[in-house]
Amino acid sequence: RTKLKNINHSLQKKLKCQNLNVIVTAGPTQEQIDPIRFISNHSSGKQGYAIAEEFVKVGATVTLITGPTNTEKPVIDKIQEVKTADEMLNCVLKNLPADIFVCAAAVADWKLIPFQAKGGKLNSKIKKKLNKKCLMFKTTENPDILKTIGFHNNRPKIVVGFAAETDDLIENAKSKLKSKNADIILANQIDQKNQVFGSDFNKVSILEKNKLQNFEKTNKQK
Ligand code: C5P
């Protein structure tokens, strides 16, 4: 009887999600510095992959857009691989409309553009012999994908973002909910106790407009 009840419950969940189109972004982005080098971050993609897999399990049609990772890709029909924040944003836009957008990617906030104090922009490999005083980097901001989609004309009904923070977790998550026009922010405290990057586990707080739920550390799938 319990078994039947469980099957019934998961079938109901599946039926509810069957007509849903979901876009999930995952992993880091890589921003080119010169033809050889890039800047990036520690994101493994595991959290976004786990979310995408769970949506597939309940019958949704899922598009996973991922930056470069060494994590095995989940079994999902539509996986699109990108490198830069610009590419990730274009890919998300091309895949609209959607019902749900989950922005789990750790998008690099800046591009670093190298230039020489005397010589202007560098388009080839930066050589070590360059005088240290001459080599400088200009930062330009990347597009904010979550914010762009949060305020888009074709905005999905549910927009979900993450906030990975070392300080003032809930305050920062609250302000992201508002500034990026998201419905839900999953807030991760990044510290010694919650080493999120590359781990199979995560401790999150889920923040909605008038609701805050704090969860114990659990696997990313859950
Ligand atoms: O970097 P930040 O803490 O603002 O990230 C919060 C949320 O915004 C995350 O969901 C992240 O995927 C998203 N984000 C983005 N584009 C950026 C920076 C962050 O979509 N350039």
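Read the figures in this text as sums done on the coordinates, not as results from a lab. Remember, predicted model here, so these are calculated numbers, not experimental data. Don't worry about glycine lacking a Cβ; one is built from the backbone with ideal geometry, like all the others, and counts go over all protein chains shown.
Of all residues in the stretch 152-166, count the ones that are more than 11 Å from Ala98 (Cβ to Cβ) and either within 12 Å of the ligand (Cβ to nearest atom) or surrounded by 13 or more Cβ atoms within 10 Å (Cβ to Cβ) (or both).
In the first step, residues of the stretch 152-166 are kept if they are more than 11 Å from Ala98 (Cβ to Cβ); the result is 153, 160-166.
Now narrow it down to the ones that are either within 12 Å of the ligand (Cβ to nearest atom) or surrounded by 13 or more Cβ atoms within 10 Å (Cβ to Cβ) (or both): 160-166.
Matching residues across the stretch 152-166 total 7.
Within the stretch 111-128, is even one residue in a loop (DSSP other than H, G, I, E, B), over 22 Å from Pro28 (Cα atoms), within 16 Å of the ligand (Cβ to nearest atom) and out of contact with any Asp or Glu (no Cβ under 9 Å at 6 or more places or on another chain)? Steps first, answer last, please.
Narrowing the stretch 111-128 to residues in a loop (DSSP other than H, G, I, E, B): 117-119, 122-128.
The next check asks that each one be over 22 Å from Pro28 (Cα atoms); those that pass are 117-119, 122-128.
With the extra rule that they be within 16 Å of the ligand (Cβ to nearest atom), the set shrinks to none.
The answer is no; no qualifying residue exists.
Please specify each residue of the stretch 167-176 satisfying the condition of being surrounded by fewer than 21 Cβ atoms within 10 Å (Cβ to Cβ), within 10 Å of the ligand (Cβ to nearest atom) and touching a residue at least 12 places away in the same chain (Cβ under 8 Å).
If we filter the stretch 167-176 for residues that are surrounded by fewer than 21 Cβ atoms within 10 Å (Cβ to Cβ), which is where we start, we get 167-172, 174-175.
If we keep only those that are within 10 Å of the ligand (Cβ to nearest atom) as well, we get 172, 175.
If the condition is that a residue be surrounded by fewer than 21 Cβ atoms within 10 Å (Cβ to Cβ), within 10 Å of the ligand (Cβ to nearest atom) and touching a residue at least 12 places away in the same chain (Cβ under 8 Å), then Asn172 is the only one that fits.
If I ask for residues that are basic (Lys, Arg), more than 27 Å from Glu141 (Cβ to Cβ) and assigned to a loop (DSSP other than H, G, I, E, B), which ones from the stretch 59-102 would you list?
Residues of the stretch 59-102 basic (Lys, Arg): 73, 78, 83, 94.
Right, trim to more than 27 Å from Glu141 (Cβ to Cβ) and you get 73, 78.
Correct list: Lys73 only.
Determine, yes or no, whether Pro35 is closer than 30 Å to Lys127 by Cα and crowded, with 21+ Cβ neighbours inside 10 Å.
Values: closer than 30 Å to Lys127 by Cα: yes; crowded, with 21+ Cβ neighbours inside 10 Å: no.
Taking the combined requirement at face value, the residue does not satisfy it.
Are any residues in the stretch 137-151 away from the ligand (no atom under 13 Å from the Cβ) and surrounded by fewer than 12 Cβ atoms within 10 Å (Cβ to Cβ), and if so, which ones?
Matches in the stretch 137-151: Lys138 only.
Quick check on this structure: which one of Thr148, Thr139 is within 22 Å of Phe55 (Cβ to Cβ) and either polar (S, T, N, Q) or touching a residue at least 40 places away in the same chain (Cβ under 8 Å) (or both)? Give the steps one after another, and end with the answer.
Values: Thr139 fails: within 22 Å of Phe55 (Cβ to Cβ).
Exactly one residue qualifies, and that residue is Thr148.
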